[in-house]
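The values are calculated or read from the model by the stated rules, or taken from the named source; none is laboratory data. Worth saying up front: this structure is predicted, and the values here are computed from it rather than measured. So basically every Cβ, Gly included, is an ideal-geometry build from the backbone, and we count neighbours across all protein chains shown. Note: areas computed on protein heavy atoms with side chains; ligands, DNA, RNA excluded. Shrake-Rupley method; radii C 1.70, N 1.55, O 1.52, S 1.80 Å.
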Amino acid sequence: MSTSAQIGVTGLAVMGRNLARNFARHGYAVALHNRTASRTHELVKEFGHEGDFVPTETPEDFVAALERPRRLMIMVKAGAPTDAVIQEFAPLLEPGDMIIDGGNAHFADTRRREKELREQGIHFVGTGVSGGEEGALHGPSIMPGGSKESYESLGPMLEKIAANAKDGAPCVTHVGPDGAGHFVKMVHNGIEYADMQLIGEAYQLLRDIAGYSPAEIAEIFRTWNTGRLDSYLIEITAEVLSQVDEATGKPFVDVVQDQAEQKGTGRWTVQIALDLGVPVSGIAEAVFARSLSGHTALREASRGLAGPKPAPLDKEEAAAFADRVEQALYASKIVSYTQGFHEIAAGSEEYDWNIDLGRIASIWRGGCIIRAAFLDRIRAAYDARPDLPSLLSDETFAREIGEAQDDWREVLAAATRQGVPTPGFAAALAYYDALRAERLPAALTQAQRDFFGAHTYRRTDRDGSYHTLWGGDRSEVRA
């Protein structure tokens, strides 16, 4: 087979197929391979008119179809299936070739694979791709890791197929070495979990306390989407809430079981944050909320527990309450992004990735699920101060969250009084209050640890570590 394709895609399920079509639409010759060859031929039959496709049936033919340096993109399930594909193709490649993993891989696996393939002279590019199947076809946000050399070869192609922000900038950047790309994609998904949970809580508050119907809430969300909450998730929430189920005539949201599933990236975000010692309480509450929703037997057994039932407000009070919910949602979203960027910064320091947080905010402005208007301002904040310790240290965000806090607290008080669960809003406010507190009860916690485990403590009035001999005269000794 002649060498003609500039990139190859193996794994032609929806995401792989659409990425292959995206490359072809932008003028690249694309080699195609799938374990089941019929899927390859179906793609060419249905979409062959969109560009130059080179269908292949064997790994050898697939590799032979690629020009050098070969660029081979894997779009299969994370974990063992990815390892199996790498083991199948790596022996057929030569030094300087690259394997691009566009799946939702765990960044630790990406670090391992990158090291193993680097020893063979093969570049491994762990690449986060966000935007779902539509984004894959029309322009996703792309987060590639790997070597700078690999990005010099691959980057121009990714920049062509990526989404463009409103200022025309492509939503792709070289994130950093080895697993940096998949790490950032993981945290992106964690923020996505938190964002969706906060939106869900806003919906529940507007329905149970304000008394609005799903269609009315859809209009509220459409209004919010014209302002500072302008984002993809707010936009699609309005669409979902305005949908009517054809079979029953009920609001579509009322015929969907209230059990939210998850694929694991949000859970990874929380697990890794624990390893790094980074508080991501808003993301954690979103993960736990999905988990709780699936424990149907536990929920059924607990429905008779004592507690208040929501009493809808009158029309005038409802409108005022909706305005307060908007403030609470916006403030809580700022906290979610704050926690996510803190985790990225901590991961960058831990693994020596040197990630540019402003660039990450920039490439999330288009294509990805969490794209939102205020990412422009997050980018500007980090561009102005690359060492910004927290988004809440930015003057503009600090002022806005300060202005929102009274309404934020009122919403949570109302939710508590009426028994509407708001774990995301509550976790965000607790994080905010903990950051601004003069003293935290951690002093007592550390004293307790010293009492039962001689774990020592530090004093406020002098340097060093100390331990109190809690029996007898309780004298203090320097540890």
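The table below gives the values:
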{"read-out": "Global form of region 369-479, assessed from the alpha-carbon gyration tensor, a/c cut-off 1.5", "value": "oblate"}
{"read-out": "Read-out Rg and Dmax of the Cα atoms in Å, derived from the coordinates shown; its label in (i) 25.1, 81; (ii) 21.1, 70; (iii) 25.4, 87", "value": "(iii)"}
{"read-out": "Sequence-distant residues sharing a close amide H with V244 (under 5 Å, placed H)", "value": "F252"}
{"read-out": "For region 467-479, Karplus couplings with θ = phi - 60° (6.51, -1.76, 1.60), whole Hz, Gly/Pro x", "value": "9, 8, 7, 5, x, x, 7, 6, 6, 9, 10, 7, 7"}
{"read-out": "Long-range amide H partners of H455 with built H, under 5 Å", "value": "D450"}
{"read-out": "Hz values of 3J(HN,Hα) by residue in region 434-445 - Karplus curve (6.51, -1.76, 1.60), Gly and Pro given as x", "value": "5, 5, 8, 5, 5, 9, 10, x, 4, 4, 5, 4"}
{"read-out": "Packing-based ranking, highest mean first, of 223-234, 43-54, 459-470 given that Cβ atoms within 10 Å are counted", "value": "223-234, 43-54, 459-470"}
{"read-out": "Gap separating the Cα centres of region 363-421 and region 293-321, nearest whole Å", "value": "27"}
{"read-out": "Expected 222 nm ellipticity per residue - DSSP helices of 4 or more, -39500 (n - 2.57), all of the chain, to 500", "value": "-17500 deg cm²/dmol"}
{"read-out": "Set of region 221-243 residues, backbone N closer than 17 Å to the point 7 Å along the Cα-Cβ line of S213", "value": "221-222, 238-243"}
{"read-out": "Heavy-atom accessible surface of region 174-304: percent carbon and sulfur, 1.4 Å", "value": "52"}
{"read-out": "Share of carbon and sulfur in the accessible heavy-atom surface of region 1-118 [1.4 Å probe, %]", "value": "50"}
{"read-out": "Qualifying GluC sites (Glu not before Pro) for region 113-179 [loop in DSSP, other Cβ within 10 Å: at most 12]", "value": "E119"}
{"read-out": "DSSP-defined antiparallel bridges as percent of all bridges, the chain, nearest 5", "value": "40"}
{"read-out": "Cross-link pairs K250/K315; K77/K115; K185/K309 - those with Cα-Cα distance over 32 Å", "value": "K185/K309"}
{"read-out": "Cα centroid separation, region 104-130 to region 141-205 (Å)", "value": "16"}
{"read-out": "Per-residue ³J(HN,Hα) for region 334-343, Karplus 6.51 cos²θ - 1.76 cosθ + 1.60, θ = phi - 60°, Hz, x for Gly and Pro", "value": "4, 5, 4, 5, 4, 5, x, 5, 4, 5"}
{"read-out": "Largest-first ordering by accessible area, 1.4 Å probe, given options R371, R436", "value": "R436, R371"}
{"read-out": "Long-range amide H partners of G126 with built H, under 5 Å", "value": "D101, G145, G146"}
{"read-out": "Residue-normalised accessible area of the chain, given per residue in Å² at a 1.4 Å probe", "value": "47"}
